[in-house]
Amino acid sequence: MLLIFGSTIHETLITVVTFVCGYCRVDARQNVLKRSHRFTLFFLPLSFSTRYVNQCTNCGAETALSPEQARNAVAWSANRSSVR
Ligand SMILES: [Zn+2]
């Protein structure tokens, strides 16, 4: 029996915020990323897992975010851009 399966990770930048990184202590841009993990069997998607992470552009450290924290980051970023 031939079994064709695979998995992919799709990464999307959803917003950029700026604050002091907890790892490198530098006030740097933080990319808020949405990562979707997909498993396929015979080219059909079977499961999806979505995670949100905050990635420091200075040191590359990543922190897991909840979906609510990611939404708050998007709202915060939108408020900051409308004030300017
Ligand atoms: Zn950092």
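Quick note: the coordinates plus some simple rules give every number you see, no bench work behind them. The structure displayed is predicted, hence computed values, not measured ones. With ideal geometry, Cβ positions are generated from the backbone for all residues, glycine too; neighbour counts draw on all protein chains shown.
Rounded to the nearest 20, the Cβ-based charge dipole of the chain about its Cα centre (Lys and Arg +1, Asp and Glu -1) stands at 160 debye. Across region 7-24, rounded Karplus estimates of 3J(HN,Hα) from the backbone phi angles (6.51 cos²θ - 1.76 cosθ + 1.60, θ = phi - 60°) give 9, 9, 10, 10, 10, 10, 7, 9, 6, 10, 10, 10, 6, 6, 5, x, 9, 9 Hz, Gly and Pro being marked x. As a length-normalised measure over Cα pairs under 8 Å and 6 or more apart, the relative contact order of region 5-83 settles at 27 percent.
How far is helix 67-83 tilted off the main Cα axis of the chain, in degrees rounded to 10, range 0 to 90? Its long axis makes an angle of about 40 degrees. Estimated from helices alone, the mean residue ellipticity of the chain at 222 nm is -7000 deg cm²/dmol (sum of -39500 (n - 2.57) over DSSP H runs with n ≥ 4, per residue). From least to most packed, judged by other beta carbons within 10 angstrom and beginning with the fewest, Cys24, Cys56 follow the order Cys24, Cys56. Other residues lying with their Cβ under 15 Å from the Cβ of Val53 contribute a combined charge of +2, Lys and Arg counting +1, Asp and Glu -1.
Here region 5-83 has an Rg and Dmax of 14.9, 49 Å, counting Cα atoms alone.
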